[in-house]
Amino acid sequence: MTKLMRELIERLEALPDAEQDALAREFLSVLEGEVYVLTPEQEVRKALEDGEPNASPQEVEAFFARFCG
């Protein structure tokens with residue numbers, strides 16, 4: 001088992017039983033091949049939490065230059 005999976009399990013164990021069951025059902029549906037589509041908010045949160053840079057400073061500057069003149 002990976003370190004990340006151990007961390008996930010520890011965090012899940014700290015949740016109330018009802019929340020653990022709800023998350024377990026969702027996880028099992030993913031493992032069973034059901035398509036899960038993230039909401040826009042979840043996509044943003046996932047991108048911010050992955051630790052990877054989302055845009056270079058130059059890309060951010062160019063983005064705002066297009067909209068701010």
**Request:** Please compute the net charge surrounding Tyr36, taking Lys and Arg as +1 and Asp and Glu as -1 over other residues with Cβ under 15 Å from its Cβ.
**Result:** -2
**Fill in**
In the list [x] -0.50, -0.63, -1.12, -1.19; [y] -0.40, -0.51, -1.19, -1.44; [z] -0.68, -0.80, -1.30, -1.22, the entry giving log10 I(q)/I(0) by the Debye sum over Cα atoms at q = 0.14, 0.16, 0.26, 0.29 Å⁻¹ computed from the coordinates is [z]
**Request:** Which order do the peptides 31-37, 2-8 take when ranked by the mean count of other beta-carbon atoms within 10 Å per residue, highest first?
**Result:** 2-8, 31-37
**Message:** If I model a spin label at Arg6 and Asp50 as a point 7 Å from the Cα along the Cα→Cβ vector, what separation in nanometres do I get?
**Reply:** 2.6 nm
**Protein accessible area in the chain, 1.4 Å probe - carbon and sulfur %** = 59 percent
**Message:** Quick check for me: using +1 on Lys/Arg Cβ and -1 on Asp/Glu Cβ, what's the dipole size of the chain about its Cα centre, in debye to the nearest 20?
**Reply:** 220 debye
**Request:** With unit charges on the beta carbon (Lys/Arg positive, Asp/Glu negative), name the residue among Tyr36, Leu48, Phe63 whose Cα is farthest towards the positive pole of the charge dipole of the chain.
**Result:** Phe63
**Fill in**
Per residue, accessible area of the chain with a 1.4 Å probe, heavy atoms of protein chains only, in Å², comes to 96 Å²
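The values are calculated or read from the model by the stated rules, or taken from the named source; none is laboratory data. In this text, all values refer to a predicted model and were calculated from it rather than measured experimentally. We place every Cβ from the backbone using ideal geometry, glycine too, and count neighbours over all the protein chains shown. Ligands, DNA and RNA are stripped out before the accessible areas are found, and what is left, the full protein with its side chains, is counted by its heavy atoms. Shrake-Rupley method; radii C 1.70, N 1.55, O 1.52, S 1.80 Å.
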